[in-house]
Amino acid sequence: MPPSTDEALSREFYLLKRLLNLILVAWILLHIYTVWKLPFSLDELKILHLGFAISTLSFSIFLASKTENQKYAWHWLVVSILTVFVTIFFFTDYGNMIERSGMPSTSDVIAGTILVALVLLITLQIWGFVIPLLTVLVLLYASFGHYLSGFFFHSGIDYPRLIGYSCTYFMGTLGNLTGLSASMIIHFLLFGALLQASGGTQLIEKVSIIIGSRFRSGAAQTAVIASGALGMVSGSTAANIAITGSFTIPLMKKRGYHPDFAGAIETVASTGGQIMPPIMGVSAFIIAGLTNIPYSKIVVAAFLPAMVYFLNLSFAIWVRTRKSNILLVKQDLELPTIRILDIAKQHGHLVIPVIIITWRILIGETPAKAVLMANITLIAVGTIHAFVFGVDGRWDSIIKFGRQVYSGMAKGALEASKLAVVLAAMGVIVEMFTVTGFGQRLSYTMVDIAGSSSLILIALVAVLTIFFGMGMPTPGAYLLTVLLSAPTLVKFGFELLSVHLFVFYFAIISALTPPVAIGVLVAIGISGGRYVGTALNALRLALPGFLMPFFFLYKPVMLNLAHRPISAFFANLLLLIAAASTTIFFDGYFIKHVGWIGRIAFLVGALMVFFPDMLLTAFGLGIIFIVGIYYFYTYVKSNPVR
């Protein structure tokens, strides 16, 4: 009996899906091979990287459209096939195209136009309209700027040169950002995907519950640990909230936390994951590429500020837990089913590749080779673990693990493809701002607006970054703002790394900043809380994330852990104390309820510490400690130990 139409379609979809995964894994293996052997130039790798990214994404959209019975699903298959031909043209004619740089042929212009259009089309489908629309507007400005006057005037760029700068000169879509994506970022995304496929998410969840269960605030502390650990690998606030929030938010609500507060904790913790070394999402690699500062130096510099962010969040949770009189109930945390020895046996081997990647980066090895070694180690220890501890039989367990690795490779490749296209689109914007001189003119204008006040200037940059971050992924918001603002801030005398981390932090924190606050939107979808209530709680909990970037500029010693560790430690400690004091002010609770006089005293002390003056800082610390000791003494006096 012949198969039914539905069965035939199901089998067809299954085969096409397997073909897509096979292509994705082959794409990943190609990048791994190039790290060791360098069989062709970086420009040629960019071509293959971007071409395969567009083609596979188009094919995946075709499959998704086909399963939903959309009328024009086949259009995406055409896009995928067209991308393959354009990629072949660029790759095979690479040598001649380089020689024609500055004088592109008609075929160069046609192929370049198609590639730019494909990048914008896929970016629109995957990331929404903001980045493609901005790219088109920038291209129009580059073409017709000679019709404008004043601030916006430039000499104009004819169409062949426009496509050259956008593509065929190996700038724009095939520029430095695509090079970073192809040579570095893809390997870290693969590491994150392999780690999750091998049980990394379960390891983080179980360890978080074990640690968090030792405190009254354990349910909420679990969210901090799990989201911080997973967020540094995932690099996406929304994805992190969706993954960890699905179990942490219900757990917090069960323990008695208000849905608004539970959603805010998850939002702030997941947002902060991208500032947590050693991986810090993917934007830190872009910082290294733009500044030529070693990635290891960025990781070390960012460590203490990240600890301030998460320690303040933990303290705020502790305060709210005591204020709400939430008690420790071990049964709610399912402690009987989770034992440390079981965790070590099931997932302990996954710690080894994390140690490997951290160690090799800190000793100065290139990030690409460091993460490649970590990926190889992960697969090796996973195979050994499956052979020794496999519950399905040794060889069956190894086969099962092999399938997990294969699945992780395919997932990592798909995530890398999504990031590759958005970075390619951003590359066009970066190039057009450079060749038209718009970025430089905007920098001068910002200086004129700020006058001699550096504070006004950096406040403008912060607002600009948050604005861009409302509709863009973190790398896009960071790139666009840092391109426009970094030269100006550096001219004002601020250190290069401080400037880039300033913009980086605000690009991340925009995920919880209204009116968009994408992280809050995802969290309330799980918690059932209110948007306004969750957003206000998130803003308060994330206070260090808004304050620290300013300290990076005015007190760069915060970032100098490598050379001035004691000074860096105390600078970060002061900020943590001040942030904790503001938490006491907002909640009206320390170890007991704090009246308005005490709250104002804590606030005044915090403001004095925030002010960059040693004498005021000393006075502020004195106020905080005196008031804190007073409330601690009165608490002990009224609650004697029996």
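Read-outs: derived from the displayed coordinates by stated rules, not from any lab. Fair warning: this is a prediction, and the values are worked out from it, not measured in the lab. With ideal geometry, Cβ positions are generated from the backbone for all residues, glycine too; neighbour counts draw on all protein chains shown.
Taking every alpha-carbon pair under 8 Å whose residues sit at least 6 apart, the chain reaches a relative contact order of 17 percent.
Out of every Cα-Cα pair in segment 559-642, what percent are more than 16 Å apart?
Summing the P(r) of segment 559-642 above 16 Å gives 54 percent of all pairs.
Remark on Y589: its backbone amide H falls under 5 Å from those of V594, a criterion applied only to residues 5 or more positions apart or on other chains, H modelled at 1.01 Å from N. The length gained by stretching the chain between Y33 and H563 to full extension, at 0.36 nm per residue less their Cα-Cα distance, is 187.1 nm.
Under the combined filter of DSSP loop state and at most 16 neighbouring Cβ atoms within 10 Å, segment 592-639 retains these trypsin sites (Lys or Arg not before Pro): K592. How many angstrom lie between the C-alpha centres of segment 415-435 and segment 85-133? Comparing the Cα centres of segment 415-435 and segment 85-133, I get a distance of 12 Å. Which entries of K253/K592; K418/K491; K254/K411; K37/K411 show an alpha-carbon separation above 30 angstrom in the structure shown? Correct reply: K418/K491; K254/K411.
Thinking of segment 339-484 as a set of Cα atoms, what percent of all their pairs are more than 19 Å apart? Of all Cα-Cα pairs in segment 339-484, 70 percent lie more than 19 Å apart.
For segment 353-502, a crude dipole built from +1 on the beta carbon of Lys and Arg and -1 on the beta carbon of Asp and Glu, taken about the Cα centre, is about 280 debye to the nearest 20.
Look at the dipole of the chain built from charges on Cβ: of I584, F433, G112, the Cα furthest out on the positive end belongs to I584.
Of the chymotrypsin sites (Phe, Trp or Tyr not before Pro) found in segment 438-477, not one falls in a DSSP loop while having at most 10 other beta-carbon atoms within 10 Å. The mean sequence distance of close C-alpha pairs (under 8 Å, at least 6 residues apart), as a share of the length of segment 137-286, puts its relative contact order at 20 percent. Based on the reciprocal of the average 1/r between different C-alpha atoms, the Kirkwood radius for segment 114-169 equals 12.2 Å. At 222 nm, what value in deg cm²/dmol follows for the chain if DSSP H runs of at least 4 each add -39500 (n - 2.57) and the sum is divided by all its residues, to the nearest 500? Rounded to the nearest 500, the figure is -25500 deg cm²/dmol. Applying the Karplus relation 6.51 cos²θ - 1.76 cosθ + 1.60 with θ = phi - 60° to segment 427-441 yields 3J(HN,Hα) values of x, 5, 4, 4, 5, 5, 5, 6, 6, 8, x, 5, x, 5, 5 Hz, where x marks Gly and Pro. Within the shell defined by Cβ-Cβ distances under 14 Å, the residues around Y635 carry a net charge of +4, with Lys and Arg each +1 and Asp and Glu each -1. Report the Cα centroid-to-centroid distance between segment 346-400 and segment 609-640 in angstrom, as an integer. If you average the Cα positions of each part, the centres end up 47 Å apart. When the Cα convex hull of segment 446-527 is projected onto planes of every orientation, the mean area is 5.5 nm². The charge dipole of segment 178-420, taken about the Cα centre with unit charges on the Cβ atoms of Lys, Arg (+1) and Asp, Glu (-1), comes to about 460 debye, rounded to the nearest 20. Working from label points 7 Å from Cα in the Cα-to-Cβ sense, the I88 to L42 distance is 2.9 nm.
In segment 178-420, the ratio of gyration radius to Kirkwood radius, Rg to Rh, stands at 0.98 when only Cα atoms are counted.
Measuring nothing but how far apart in sequence close Cα pairs (under 8 Å, 6+ apart) lie, relative to its length, segment 178-420 scores a relative contact order of 31 percent. For segment 25-109, the ratio of Cα radius of gyration to the globular rule of thumb 2.2 N^0.38 Å stands at 1.31. Restricting the trypsin sites (Lys or Arg not before Pro) of segment 39-147 to loop positions (DSSP other than H, G, I, E, B) with no more than 13 neighbouring Cβ atoms within 10 Å leaves K71.
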